[in-house]
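A short reminder: the numbers here are calculations on the coordinates, not readings from a lab. Model, not experiment: these values are computed from the prediction. No Cβ is skipped: glycine too gets one built from the backbone with ideal geometry, and neighbour counts run over all protein chains shown.
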Amino acid sequence: DLLVVGSANADLVIGVDRRPGAGETVLGSGLSVHPGGKGANQAVAAARLGARVALLARVGADAHGELLLESQRAAGVDTVGVLVGDGPTGVAVITVDGAGDNSIVVSPGANARLAPQDIRAAGSLLAAARVVSVQLEIPAETVAEVTRSLAPGARLVLNASPPAALAPEVLAACDPLVVNEHEALALLGGHPAGDSTDPGTWASALLSRGPRSVVVTLGAAGALAAGRHGTFTVPAPRVTVVDTTGAGDAFTGALAWRLSTGDGLEAAVRYAVRVGAAACAGAGAQSSFPRAGDAEGLGEG
Ligand code: ADP
């Protein structure tokens with residue numbers, strides 16, 4: 001089984017002609033509210049594809065929490081690990097302008113209260129997980145507790161998003177560490193590899209920090225992976241892009257699921273690249289995540 005440990009947010013989206021600058025007020029469209037957050041998105045992405053997946057997360061005892069629970073259940077995610085209470089549900093306040101560019105402010109709310117103790121209390125979920133997928137919208141000490149709580153032989157997929165420094169014990173457990181181009185450069189910080197424009201150079205430098213494998217997603221160019229058996233790239237199928245929101249979450253959810261079914265890294269990345277591309281062909285995040293047949297139906301890259 002797959003276990004996703006991570007964030008759940010309500011995305012509050014307002015369309016604007018122009019995003020406001022400092023001190024400025026603009027009028028926008030009506031407010032739309034969507035289920036989001038990287039953990040919730042990844043769990044839904046995997047479930048849509050047919051995964052047996054559970055989410056370990058924390059939401060508030062409020063309407064946004066209900067929205068999150070409902071969207072997880074509708075997708076077929078096991079929500080026994082979704083804890084309710086300890087602050088309001090996290091929200092992301094998003095303005096999107098006519099060019100599709102956005103500005104986002106996240107208030108973590110209950111996500112910031114997902115504690116190491118919550119991981120220790122979820123022993124049966126962790127024991128059943130062949131793959132555990134985490135992102136960085138929850139406290140760093142909770143992520144570290146996940147690494148220490150993996151069942152024997154279980155694999156950790158860590159999506160370093162939003163990018164933050166990772167403890168050596170956490171890095172050492174990643175198989176793979178998943179980053180987009182922006183996150184790769186942020187993690188490299190002042191490392192000379194960051195001056196390169198070659199994602200293979202970034203991946204090698206990240207690999208030398210201790211993870212067993214590294215995957216760098218490259219948007220329309222697909223993804224590159226590096227591990228024990230060398231480096232490979234997978235082009236993305238060409239799609240008519242409607243909205244790339246959630247593409248990275250769809251990619252990582254699909255990748256983690258395929259690894260949990262026993263796929264090797266290359267097969268799993270090939271599959272995930274198609275799912276990420278399919279998620280760009282529809283509007284929104286969770287609403288655009290494909291079902292199993294949809295991703296296979298895409299043309300070649
Ligand atoms: P993020 O959404 O985290 O910024 P990327 O932009 O790298 O991450 O996208 C993640 C994955 O989604 C890519 O590896 C690819 O499979 C797919 N994808 C993203 N943008 C496109 C695109 N324009 N065309 C086709 N596939 C895309």
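Relative contact order for the stretch 147-282: what percent, with Cα pairs under 8 Å and sequence separation of 6 or more?
Relative contact order comes out at 19 percent.
List the residues whose amide H sits under 5 Å from the amide H of His191, counting only those 5 or more places along or on another chain, with H placed 1.01 Å from N in the peptide plane.
Hits under the 5 Å cutoff: none.
Using Cα pairs under 8 angstrom and six or more residues apart, how large is the relative contact order of the chain, in percent?
16 percent
Suppose we take every Cα in the stretch 146-206 and form the convex hull; what volume per residue is that in Å³?
81 Å³
In whole Hz and in residue order, list the ³J(HN,Hα) couplings for the stretch 91-96 that follow from phi through the Karplus curve 6.51 cos²θ - 1.76 cosθ + 1.60, θ = phi - 60°; x for Gly and Pro.
Karplus-based 3J(HN,Hα) across the stretch 91-96 equals 10, 10, 9, 10, 10, 10 Hz.
If you count the DSSP beta bridges with both ends in the stretch 90-249, what percent of them are antiparallel, to the nearest 5?
Numbers: 15 of 27 bridges.
That works out to approximately 55 percent antiparallel.
Over all pairs of distinct alpha carbons, what does the Kirkwood formula give as the hydrodynamic radius of the stretch 4-50, in Å? Could the numbers behind the result be given before it?
Numbers: mean 1/r = 0.0782 Å⁻¹.
Radius from the Kirkwood sum: 12.8 Å.
Within the chain, what's the longest run with no GluC sites (Glu not before Pro) in a DSSP loop and at most 12 other beta-carbon atoms within 10 Å? Give the range, please.
Details: sites that count: Glu24, Glu300.
By the stated rule (loop sites, at most 12 other Cβ atoms within 10 Å), 25-299.
Amide H to amide H, which residues 5 or more places from Ser133 or on other chains are under 5 Å from it, using H placed in the peptide plane?
It is Leu3, Val4, Val5, Val157, by chain and number.
Eigenvalues of the Cα gyration tensor times 5, then square-rooted: what semi-axes does that give for the stretch 61-198, in whole angstrom, largest first?
So the equivalent ellipsoid measures 26, 24, 13 Å along its semi-axes.
According to the Kirkwood expression over distinct Cα-Cα pairs, how big is the hydrodynamic radius of the chain, in Å?
So the Kirkwood estimate lands at 19.1 Å.
Using only the Cα atoms of the stretch 1-137, construct the convex hull and provide its projected area averaged over every direction, in square nanometres to one decimal.
Values: hull surface 36.1 nm².
Computing the convex hull of the Cα atoms and averaging its projections yields 9.0 nm².
Suppose every Lys and Arg Cβ carries +1 and every Asp and Glu Cβ carries -1, with no other charges. What dipole size does the stretch 187-262 come out with about its Cα centre, to the nearest 20 debye?
Dipole about the Cα centre, nearest 20: 300 debye.
Determine the calculated [θ] at 222 nm for the chain from helices alone, applying -39500 (n - 2.57) to every DSSP H run no shorter than 4 residues and normalising by the residue count; nearest 500 deg cm²/dmol.
Taking each H run of at least 4 residues, the total per residue is -9500 deg cm²/dmol.
How big is the dipole moment of the chain about its Cα centre under a simple scheme where the beta carbon of each Lys and Arg is +1, that of each Asp and Glu is -1, and everything else is neutral? Debye, nearest 20, please.
680 debye
Suppose we take every Cα in the stretch 141-275 and form the convex hull; what volume per residue is that in Å³?
Taking the convex hull of the Cα positions in the stretch 141-275, it is 107 Å³ per residue.
Among Val132, Ser29, Leu68, whose Cα projects farthest towards the positive end of the dipole of the stretch 1-141, with charges put on the beta-carbon of Lys, Arg (+1) and Asp, Glu (-1)?
Going by the Cα projections, it comes out as Val132.
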